[in-house]
Amino acid sequence: MIRTMFRTSIIFFLYTLIVVFFAGFVQAAENSGSSGQEYYIIGKGDVLEISVWNEPEVSRRVKVRIDGRISMPLVDEIHAAGMTPMELKEVITGRLSEYIEVPVVTIMIHEKATKSYYVLGEVSRPGEFTLTDDITVLQALAMAGGFTEWADKRNLLLLRKSEHGEQRIKINYRDIVSGKDPEKNLSIVSGDTLVVP
């Protein structure tokens, strides 16, 4: 009797351990899978695969136009450039909910367009650069060969286009390097222009 109870307890313990481990593994996989997609910023020229479950007439592959917009049945036009896939999914789901009871929307990046950014002014190699990886302001400056002798390192300006117009972000290089304002070492997104006066 005691031996049977002991064996049952061990089996229950092992079963619980396996369930907890598997649940943690699945959660970690979901988090790692969504984080990369969440971080990606949709740009002009990207091709998106937009799937609405059980609604083949609405589902389609669309290209983000030069004005940053996409067109879809029922929802008309949506400004997609500058959004993450998750943000765009929420907008499309909201628009479709007026016509479909519970729309289940999935967005995948079918094809990434060539993305670029610009560094202008007092750097060794000003010009257009291809954005192939996630890079920061400091890395963009390094790609442009660093500052010239006359650069004003305290008054860098990052120009960024958004749905609400152009943002003008002032950056002090010395504050980033000294650790006083490390948050200003922003990630570069496609279309950014970094001006070094």
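The selection criterion, being surrounded by fewer than 15 Cβ atoms within 10 Å (Cβ to Cβ) and either at pLDDT 95 or above or in contact with a strand residue (DSSP E or B) (Cβ under 6 Å, 6 or more places away or on another chain) (or both), does not hold for HIS164.
I'd like the full set of residues that are part of a strand (DSSP E or B) and over 16 Å from VAL105 (Cα atoms), limited to segment 63-75. Write out each step before concluding.
To start, the set of residues in segment 63-75 that are part of a strand (DSSP E or B) comprises 63, 69-72.
LYS63, ARG69, listed by residue number.
The number of residues in segment 102-131 that are in contact (Cβ under 8 Å) with a residue 12 or more places away in the chain, part of a loop (DSSP other than H, G, I, E, B) and within 30 Å of GLU90 (Cα to Cα) comes to 7.
Kindly evaluate SER190 against the criterion of being of a type outside the set (A, V, I, L, M, F, W, C) and under 16 Å from PHE129 (Cβ atoms). Explain how you work it out, then say what you get.
Values: of a type outside the set (A, V, I, L, M, F, W, C): yes; under 16 Å from PHE129 (Cβ atoms): yes.
Yes, satisfied.
Just one of the numbered conditions (1) surrounded by 17 or more Cβ atoms within 10 Å (Cβ to Cβ); (2) at pLDDT 95 or above; (3) in a loop (DSSP other than H, G, I, E, B) is not true of ARG154: (1). Within segment 108-120, the presence of at least one residue that is over 19 Å from the mean Cα position of the chain (by Cα), under 30 Å from SER178 (Cα atoms) and buried (at least 18 other Cβ atoms within 10 Å of the Cβ) is confirmed. Within segment 54-76, residues that are within 20 Å of SER97 (Cα to Cα) and modelled with pLDDT of 95 or more have Cβ atoms under 7 Å from residues that are assigned to a loop (DSSP other than H, G, I, E, B) and not charged (D, E, K, R) in these pairs: ILE70/VAL64; ILE70/ALA80, counting only partners at least 6 apart in sequence or on another chain. TYR99 fulfils the conditions (1) free of Cβ contacts under 8 Å to residues at least 24 places away in the same chain; (2) assigned by TED's automatic domain parsing to the domain that holds PRO56; (3) among the hydroxyl-bearing types (Ser, Thr, Tyr) except for a single criterion, (1).
The values are calculated or read from the model by the stated rules, or taken from the named source; none is laboratory data. None of these values were measured; they are calculated from a predicted model. FYI the Cβ positions are ideal-geometry reconstructions off the backbone, even for glycines, and counts take in every protein chain you see.
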